[in-house]
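Here, each number is a calculation from the coordinates, and none is a lab measurement. Here the structure is a predicted model, which is why all the values come from computation and not from measurement. Using ideal geometry, Cβ is built from the backbone for each residue, glycine included, and neighbour counts are taken over all protein chains shown.
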Amino acid sequence: MPRPPKPRTVCHVPEYFVYGPKGKKANSLDRLNLMIDELETLRLIDYLGYTQEEAADQMKVARTTVQRIYNDARKKMATSLIDGKIIVIEGGEVALCEDNCEKCLEPLRLRRRQGRRNL
Ligand SMILES: [Zn+2]
């Protein structure tokens with residue numbers, strides 16, 4: 001029996017779950033499902049500037065897993081923008097972070113500060 005996929009730790013749940021082209025009737029448009037873990041890779045890598053390795057550490061999965069999730073997420077976002085599809089954010093194999101997420105980001109911030117000092 002295949003093992004269920006390892007959950008990806010997610011530190012952020014979006015405030016809004018549906019995005020799409022303005023001025024079009026929503027029910028006339030195709031929908032794309034962006035998973036919560038896919039959004040988390042966009043947040044960590046594109047929004048916060050993490051490397052894929054750092055994002056993998058943060059989400060507690062292998063870098064190759066993050067790379068695959070991230071590629072799927074980018075493809076979906078691009079498809080939505082180019083083809084005018086509605087993005088619905090839901091689902092995914094996720095475990096919501098139970099720590100204080102400010103604390104989750106602190107080791108990386110520290111590493112970055114130290115890295116800069118050593119240049
Ligand atoms: Zn967290």
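Here are some notes:
- Looking at the chain, the DSSP beta bridges with both ends there are about 20 percent antiparallel.
- Dividing the summed helix terms, -39500 (n - 2.57) for each DSSP H run of n ≥ 4, by the number of residues in the chain produces a 222 nm estimate of -14000 deg cm²/dmol to the nearest 500.
- Amide H partners (placed H, <5 Å) of Leu34, local residues excluded: Val88, Ile89, Glu90
- Counting only Cβ charges, +1 for Lys and Arg and -1 for Asp and Glu, the dipole size of the chain around its Cα centre is about 380 debye.
- Principal semi-axes in Å for the chain [√(5λ), Cα gyration tensor, largest first]: 29, 17, 13
- Considered as an equivalent ellipsoid built on the Cα gyration tensor, the range 45-107 has semi-axes of 24, 14, 12 Å, the largest given first.
- Degrees, to the nearest 10: 63-83 long Cα axis against longest axis of the chain: 30
- Here's the picture: charge each Lys and Arg Cβ at +1 and each Asp and Glu Cβ at -1 in the range 8-117, and of Ile89, Leu44, Ala62 the one pushed furthest to the positive end of that dipole is Leu44.
- Among Glu90, Glu15, Glu106, the residue with the largest mean-square fluctuation in a Gaussian network model of the chain, with springs joining Cα atoms closer than 10 Å, is Glu15.
- Ranked Glu98, Glu40, criterion: other C-beta atoms within 10 Å, fewest first: Glu98, Glu40
- Sorting Tyr70, Tyr47 by the number of Cβ atoms found within 10 Å of their own Cβ, with the fewest placed first, yields Tyr47, Tyr70.
- Acute angle (nearest 10 degrees) that the helix 101-117 long axis makes with the longest principal axis of the chain, alpha-carbon atoms: 60
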